[in-house]
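J.: Okay, here's the structure, questions in a sec.
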Amino acid sequence: MILDIYEKCNADKGCHERWERWESHRDEISAVLNERIFSAEKIKNAIILGAGRCEDIDLKFLLKHVESLTLVDYDYNSMEKAIERQQLDREESDKVTLKGNVEFTGFYKEEFINEVIDKIKREESPESVVQFITAHLSSINSGLSQSLDNNKYSLVISGAVHSQLIVPYTQIAALNEDYTGQLMLEAGNIANTLAENYNKNLFSLVGEKGWLFSYFDVMELSESNNTLQYEEIINGLLVQNEYQKIDEFFLQNGGVAGARHGYNHLFQLARQYNPFEKCWIWQFRDNKKYYIRSLCVNKV
Ligand SMILES: C[S@@+](CC[C@H](N)C(=O)[O-])C[C@H]1O[C@@H](n2cnc3c(N)ncnc32)[C@H](O)[C@@H]1O
């Protein structure tokens, strides 16, 4: 099953090591939530989309400030394990609801995936497969709101999800190498459209006067793409809040598919609410880091 990829990615071992390495990343997130939101108000109901292993969120900290918390992901098991790992006590875990098997985009419906696979098996031309995919893309309705019982939330959190929405598509493209090249030519556009739809969904989940906090892994700094060397310069610019310069100097090649465009698109959607921006570097692995841009928006 193509969507099993999320569970496979989350199954990556090394939780303990990652929890320690990601401490400063969690602290950045907690600091924004604290300074912008929790210092002024207690939150009635919060939701985290793409909660997964919850290694980027200090659940105990969050639960001090919210009356209820819904964690949502396609991968249910990772969230269940996260609750155990963060050792929530009875009172804390009573506030938490888990919702698994929720697919955020509505793009990866089983019938659609089966039809693409059949077309490839029937050796239809790559062009006609692409045409089918783009027609499907323009007709999708995620159904996310219905999966969440049409609830509205006083705080909606999403972290590093925009970049992941294209992952199952890359799995489909890899099924048959005769189609990979042609299908991957579309990946950038599809990633951007999925990111835009997801932004609209995020926004519509926010209740009256509610908050949205989303962060985006807009640029990879890694050994494999020879970009680790930029970390020091980016850190220098971060100290001066020169986010625009970082974008201009380092993201000319597009950044991470879905994430950079997702950030820019959400910024435009939220513009009238005067979004607060904060950026930092996420120490993802020893040889891989991400430049993070985040937005915190109050829908008033
Ligand atoms: C990069 S992780 C976010 C970090 C995660 N909170 C953690 O601490 O490990 C992205 C999460 O979004 C989920 N996800 C990505 N695309 C999804 C989709 N289309 N539908 C549902 N969940 C999705 C993945 O399963 C994964 O848990």
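J.: Residue by residue through the stretch 215-225, what is 3J(HN,Hα) from phi via Karplus (6.51 cos²θ - 1.76 cosθ + 1.60, θ = phi - 60°)? Round to whole Hz and write x for glycine and proline.
T.: Working through the residues one at a time gives 10, 10, 7, 6, 9, 8, 10, 9, 5, 5, 9 Hz.
J.: Taking +1 at the Cβ of each Lys and Arg and -1 at the Cβ of each Asp and Glu, which of H261, S163, S145 sits farthest along the dipole of the chain towards its positive end, judged by Cα position relative to the Cα centre?
T.: S145
J.: When the Debye formula is applied to the Cα atoms of the stretch 22-165, each taken as the same point scatterer, what base-10 log of I(q)/I(0) results at q = 0.10, 0.18 Å⁻¹?
T.: Scattering profile of the stretch 22-165, log10 relative to I(0): -0.45, -1.03.
J.: Using alpha carbons only, how many degrees (0 to 90, rounded to 10) separate the axis of helix 110-121 from the longest principal axis of the chain?
T.: 30
J.: May I ask you to derive the relative contact order of the stretch 4-298, considering only C-alpha pairs under 8 Å and at least 6 residues apart, and to give it as an integer percent?
T.: Across the stretch 4-298, relative contact order equals 19 percent.
J.: Using only alpha-carbon positions, what ratio does the radius of gyration of the stretch 149-300 give when scaled by 2.2 N^0.38 Å?
T.: 1.11
J.: Which whole-Hz couplings ³J(HN,Hα) result when phi for each residue of the stretch 13-25 is put into the Karplus expression 6.51 cos²θ - 1.76 cosθ + 1.60, θ = phi - 60°, listed in order with x for Gly and Pro?
T.: 6, x, 4, 4, 4, 5, 4, 6, 5, 8, 4, 5, 5
J.: Next up: So what is the relative contact order for the stretch 101-237, in percent, with contacts set as C-alpha pairs under 8 Å and at least six apart?
T.: Taking the mean separation of contacting Cα pairs over the length of the stretch 101-237, I get 30 percent.
J.: So how do 5-18, 173-186 stack up, highest first, on mean other-Cβ count within 10 Å?
T.: Ranking, from highest mean packing down: 173-186, 5-18.
J.: If you don't mind, another one. Based on Cα coordinates alone, diagonalise the gyration tensor for the stretch 149-189, multiply each eigenvalue by 5, take square roots, and list the semi-axes in whole Å, largest first.
T.: Calculated on Cα positions only, the semi-axes equal 32, 10, 8 Å.
J.: How long are the semi-axes of the ellipsoid equivalent to the stretch 1-67, from square roots of 5 times the Cα gyration tensor eigenvalues, in whole Å, largest first?
T.: 26, 16, 9
J.: If you don't mind, there's one more thing I want to ask. Express as a percent, rounded to the nearest 5, the fraction of DSSP beta bridges in the stretch 4-298 (both residues included) that run antiparallel.
T.: In the stretch 4-298, approximately 50 percent of DSSP beta bridges are antiparallel ones.
J.: Something else about it: Cα centroids of the stretch 84-159 and the stretch 206-260: how far apart, whole angstrom?
T.: After rounding, the separation between the Cα centres reads 25 Å.
J.: Determine the principal axes of the Cα atoms in the chain, then give the extent along each, sorted from largest to smallest and rounded to whole angstroms.
T.: Over the chain, Cα extents along the principal axes are 58, 45, 41 Å.
Coordinate-derived values only; no laboratory data. On a predicted model such as this, the values are computed, not experimentally measured, just so you know. Glycine gets a Cβ as well: all are built from the backbone with ideal geometry, and neighbour counts include every protein chain shown.
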